[in-house]
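Peer 1: Structure below; questions to follow.
The values are calculated or read from the model by the stated rules, or taken from the named source; none is laboratory data. Quick caveat: nothing in here was measured; it's all calculated off a predicted structure. Every residue, glycine among them, receives a Cβ derived from its backbone with ideal geometry; neighbour counts consider all protein chains shown. Heavy atoms of the whole protein, side chains included, go into the accessibility calculation; ligands, DNA and RNA do not. Shrake-Rupley method; radii C 1.70, N 1.55, O 1.52, S 1.80 Å.
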Amino acid sequence: RTEQQEAILADIIQKAEPFVQQQLEHDHSGHDWFHIDRVRKLSLKIAAKEGADSFICELAALLHDVADEKLNDSKQAGLDKVEQWLLLHVSDPDVITHVMTIIATMSYNGGQNPPMETLEGQVVQDADRLDALGAIGIARTFMYAGSKGSMMHHPDKDFSQHDYRAAGKSAIYHFYEKLLKLKDLMNTAYARELAEVRHQWMEMYLEQFYREWNVDDK
Ligand code: ADP
Ligand code: NI
């Protein structure tokens with residue numbers, strides 16, 4: 001890329017920031033601007049290690065939660081909003097298609113979505129999943145549970161699977177339902193290394209949580 005092309009890309013990134021900030025302003029479910037900013041930085045770090053296109057990764061990371069169902073009337077309405085923004089700011093149709101494809105297929109969806117096709121998609125998906133792990137991931141999980149009025153833990157397994165569902169599952173349940181599975185779902189080698197360490201922190205956290213819960217920590 002020429003210097004001039006680089007300047008155009010930098011300008012697109014710079015314009016995406018305030019758009020995303022404004023879109024996520026009122027979110028308290030773990031999709032705040034600082035989540036986006038961490039996913040962007042993680043994406044750039046992984047992209048550098050894996051040889052992915054840093055512009056595509058950064059732009060997709062910045063826009064990845066704007067289309068989230070939790071913030072829109074529907075997933076399609078959210079995707080349309082992102083596409084409108086891209087059509088206004090990006091002239092290369094291949095970039096628009098690539099970023100839209102990443103955002104549309106990125107969510108966890110119970111691990112049921114098809115695998116990411118491009119390296120850039122794999123990088124951004126890894127970065128988003130990494131932010132659900134480790135100390136940050138633990139904090140986000142309890143924030144989310146709190147925002148839904150869910151309990152942090154209920155020791156009765158049956159209770160947590162049936163009657164309990166109406167009130168939302170507990171934060172601790174979410175570790176088993178999703179978070180502890182993510183390390184084995186990483187796409188790239190570098191993200192897997194980072195995930196390994198964050199996973200260990202969660203395991204240690206859970207061990208100590210149960211010790212204190214059962215009052216046998218000494
Ligand atoms: P993202 O779009 O960043 O992948 P999600 O919308 O899946 O994130 O969730 C946002 C944050 O809330 C994540 O840290 C996730 O682990 C947490 N979270 C999602 N669902 C639950 C739940 N049922 N209980 C507790 N935490 C949850
Ligand atoms: Ni996210």
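Peer 1: Setting aside same-chain residues fewer than 8 positions from LYS75, which lysines have a Cα under 29 Å from its Cα?
Peer 2: LYS15, LYS41, LYS45, LYS148, LYS169, LYS178, LYS181, LYS183
Peer 1: Right, next: Which whole-number percent gives the relative contact order of the chain, counting Cα pairs below 8 Å spaced six or more residues apart?
Peer 2: RCO, the chain: 18 percent.
Peer 1: Which Cα, out of TYR205, PHE34, PRO115, lies furthest along the positive dipole direction of the chain (beta carbon charges, K/R +1, D/E -1)?
Peer 2: The residue sitting farthest along the positive end of the dipole is TYR205.
Peer 1: Might you tell me the accessible area per residue for the chain, computed with a 1.4 Å probe and given in Å²?
Peer 2: Accessible surface, normalised per residue, equals 55 Å².
Peer 1: Let me ask something else. Mind checking the dipole of the chain: about its Cα centre, +1 per Lys or Arg Cβ, -1 per Asp or Glu Cβ, Debye to the nearest 20?
Peer 2: 500
Peer 1: Could I ask something else about it? In nm, to one decimal, how far is the modelled label at ARG211 from the one at SER91, with both set 7 Å along Cα→Cβ?
Peer 2: About 6.1 nm, to one decimal.
Peer 1: Given labels modelled 7 Å from the Cα in the Cβ direction, how far is it in nm from ASP80 to GLN22?
Peer 2: According to this spin-label approximation, the distance is 1.9 nm.
Peer 1: Tell me, what ³J(HN,Hα) does each residue in segment 75-90 have, in order and in whole Hz, if you take phi through Karplus 6.51 cos²θ - 1.76 cosθ + 1.60 with θ = phi - 60° and put x for Gly and Pro?
Peer 2: Each residue of segment 75-90 in turn: 4, 4, 4, x, 5, 4, 4, 5, 5, 4, 4, 4, 4, 6, 10, 10 Hz.
Peer 1: For segment 1-74, which trypsin sites (Lys or Arg not before Pro) are in a loop by DSSP, counting at most 13 other Cβ atoms within 10 Å?
Peer 2: ARG1
Peer 1: How much length is gained if the chain between THR105 and ASP37 is pulled fully straight, taking 0.36 nm per residue apart and subtracting their Cα-Cα distance, in nm to one decimal?
Peer 2: Contour length minus Cα-Cα distance gives 22.5 nm.
Peer 1: How large is ³J(HN,Hα), in whole Hz, for each residue of segment 184-200 in order, when computed from phi with the Karplus curve 6.51 cos²θ - 1.76 cosθ + 1.60 and θ = phi - 60°, using x for Gly and Pro?
Peer 2: 7, 9, 5, 7, 10, 5, 5, 5, 5, 4, 5, 5, 4, 5, 5, 4, 4
Peer 1: Rounded to a whole number, what % of the accessible area of segment 71-111 do carbon and sulfur atoms account for, probe 1.4 Å?
Peer 2: For segment 71-111, the apolar C and S fraction of the accessible surface comes to 52 percent.
Peer 1: Largest first and to the nearest Å, give the Cα extent of the chain along each principal axis.
Peer 2: 64, 37, 29
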